[in-house]
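A.B. asks: After the structure tokens below, expect a handful of questions from me.
Only the coordinates and a few stated rules stand behind these numbers; no lab work does. Bear in mind that the values here come from a model prediction, so they are computed numbers and not experimental data. We place every Cβ from the backbone using ideal geometry, glycine too, and count neighbours over all the protein chains shown.
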Ligand code: NAD
């Protein structure tokens, strides 16, 4: 019996979505787990709790609108829940469950004392005014209040949410509690107990992990050509750091289109263009390319920092990069994973590659709780050390056991979670 034989009644078995990806990953990892912990694996294939809420808001025109919201605690064996809040029209329970499960594994891979959680609202935020977005955020926060708390569940930004969203969440929670609760969310503005270095942390972690991998496969970053999918919080920071390190960023793709310059783009200029025009396309010194040309770009390194299910069985064969780094969560389907493995392409998996964000979120939480703030240099040095140590542990486990980095990262993360279950015992 494999883990896919357990499908909860509240998901559609025919359209299982991202949760299926997670279950397949657990199936692949299970045989490599410590035999003493393996019998506990089924606990990972069920989320601990999932809250579904209705989020009614008053629109600016006086009408009422309703949005579906979720907050899932996948596993809290190692600490309070931690994971972002996503605003996107395609958010589903399956997606939030998968994202919460990847947070469980990720937090354990970098060994921060958190469990896995995630939240989301099914909304296209571009259709709402700023005032409507604020009302949505405040109502959603109140609806999931019962799960939140600095020692229970600490949200952070994800796709289409940012430090302003986190400030509204922190304020709403604080108002409901009757006290100022700094540590209840991370990714806040600096003026509200946010951490220096948090904004770039995920992109920085992606960069550090890629440098570590490049060194080990004999690739020099300063000579490397890099293609980046996603030009938001993660992709933009990663592209900028590669460019600052001397690499050529030869292609960028986001939801507005794809652009290229084989001689290397000016990342900051493209960002300014995108801010001004709302699209990458047309930026000076770049040419528009098709999606297929993006995937088959002549690049040494591919950073995927947009959404799930971007590298699939259809395009995995087109990729020419020797090294792929997953800034996004779940960007590679299990079928594509096998193709990339066969083709000898090194994949730095999401649960390791994008853990820089939660690592600095952990620093932010520690600083808020202790009301003592660190310098940006201290934060970056600690982040770099944690990313390098986690990378080394995963790389060495992969080499020793002859498995992919994804399987090795899952083995490391899952064993830490299952060990916590083993020593805590089963209640009651
Ligand atoms: P963001 O909203 O800031 O940026 C998302 C980017 O992806 C945008 O450039 C958007 O145009 C692009 N995009 C969306 N759909 C696309 C598509 N179909 N094709 C091409 N591009 C598309 O979000 P973000 O915070 O940068 O998050 C990106 C990914 O990184 C997500 O998977 C998120 O879960 C993951 N992640 C983010 C953080 C963080 O700290 N923000 C931490 C860990 C993981």
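A.B. asks: Quick check on the chain: of the DSSP beta bridges with both residues there, what percent are antiparallel, nearest 5%?
C.D. replies: 45 percent
A.B. asks: Next question. How would the range 244-373 be classified by its alpha-carbon gyration tensor: rounded, prolate or oblate, with rounded meaning a/c under 1.5 and the a/b versus b/c comparison settling the rest?
C.D. replies: oblate
A.B. asks: Label the chain by shape, choosing from rounded, prolate and oblate, from the square roots a ≥ b ≥ c of the eigenvalues of the Cα gyration tensor; if a/c is under 1.5 it is rounded, and otherwise prolate applies when a/b is larger than b/c, oblate when it is not.
C.D. replies: Because its axes are fairly even, with a/c under 1.5, the chain counts as rounded.
A.B. asks: Moving on to the next point. Arrange 225, 106, 401 by Cβ neighbour counts within 10 Å, fewest through most, would you?
C.D. replies: Working: 225 21, 106 28, 401 12.
Sorted ascending by nearby Cβ count, the order is 401, 225, 106.
A.B. asks: Could you list 352, 44, 16, 338 so that the one with the fewest beta carbons within 10 Å of its beta carbon is first and the one with the most is last?
C.D. replies: Working: 352 32, 44 27, 16 18, 338 14.
Starting with the residue having the fewest Cβ neighbours, the order is 338, 16, 44, 352.
A.B. asks: As a test, work out the antiparallel percent of DSSP beta bridges whose residues both lie in the range 62-182, rounded to the nearest 5.
C.D. replies: Of those bridges, close to 40 percent are antiparallel.
A.B. asks: If each residue's Cβ is checked for other Cβ atoms within 10 Å, how do 277, 421 rank with the fewest at the top?
C.D. replies: 277, 421
A.B. asks: Oh, and also: So which residue, out of 175, 297, 64, gets the largest mean-square fluctuation from a GNM of the chain using Cα contacts under 10 Å as springs?
C.D. replies: 64
A.B. asks: Shifting gears a bit: If the elastic network links every pair of Cα atoms under 10 Å, which of 415, 326, 376 fluctuates the most in the Gaussian network model of the chain?
C.D. replies: Between 415, 326, 376, it is 376 that shows the largest mean-square fluctuation.
A.B. asks: A follow-up question, please. Evaluate the relative contact order of the range 132-211 (contact order divided by residue number), counting alpha-carbon pairs under 8 angstrom at least 6 apart; express in whole percent.
C.D. replies: Here the relative contact order equals 27 percent.
A.B. asks: Still on this structure, please answer the following. According to the square roots a ≥ b ≥ c of the eigenvalues of the Cα gyration tensor, what is the shape class of the range 93-185, taking rounded for a/c under 1.5, prolate for a/b larger than b/c otherwise, and oblate for the remainder?
C.D. replies: oblate
A.B. asks: Using the basic label-point model (7 angstrom from Cα toward the beta carbon), what is the residue 389 to residue 256 distance in nanometres?
C.D. replies: That separation, rounded to one decimal, is 4.1 nm.
A.B. asks: Per DSSP helix of 4 or more residues, -39500 (n - 2.57); summed, then divided by the residues of the chain. What does that give at 222 nm, rounded to the nearest 500?
C.D. replies: Dividing the helical sum by the residues of the chain leaves -13500 deg cm²/dmol.
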